[in-house]
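Values in this text are rule-based calculations from the coordinates and carry no lab data. Since we're looking at a predicted model, the values are computed, not measured. FYI the Cβ positions are ideal-geometry reconstructions off the backbone, even for glycines, and counts take in every protein chain you see.
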Amino acid sequence: MRQIVASYFIYDLEQDWRVGASYFESQLIDYDVSSNWGRAYIAGVGNDPRAGRKFNTEKQEEQYDKDKCYQKTWKII
């Protein structure tokens, strides 16, 4: 689920991955630096030469956020 959130935050909301990572660092009770800051992998800014990892958010939305609660909470207009 965190990878889906990272992908949505980075690609659909067009936000800096570091902002999302910092927010999760401050909120998660099971925070792990290597897991959390691994968002660079999703954003495609790490040392992996392949492009970023964009999830199919329409498919994920249908499966996990039918009422668009996540989008309504986080969409920056």
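Could you sort the peptides 26-32, 5-11, 61-67 by per-residue average Cβ neighbour count (10 Å cutoff), highest mean leading?
Packing order, densest peptide first, comes out as 5-11, 61-67, 26-32.
Excluding same-chain neighbours fewer than eight residues apart, the aspartates and glutamates reachable from K54 by a Cα-Cα span under 18 Å are D12, E14, D16, E62, D65. Close amide-amide hydrogen proximity is noted between L13 and no other residue 5 or more places distant or on a separate chain, at a cut-off under 5 Å (H modeled in the peptide plane; Pro and chain starts excluded). Here K72 and D16 are evaluated by their C-beta separation; at R0 = 30 Å the FRET efficiency comes out at 0.90.
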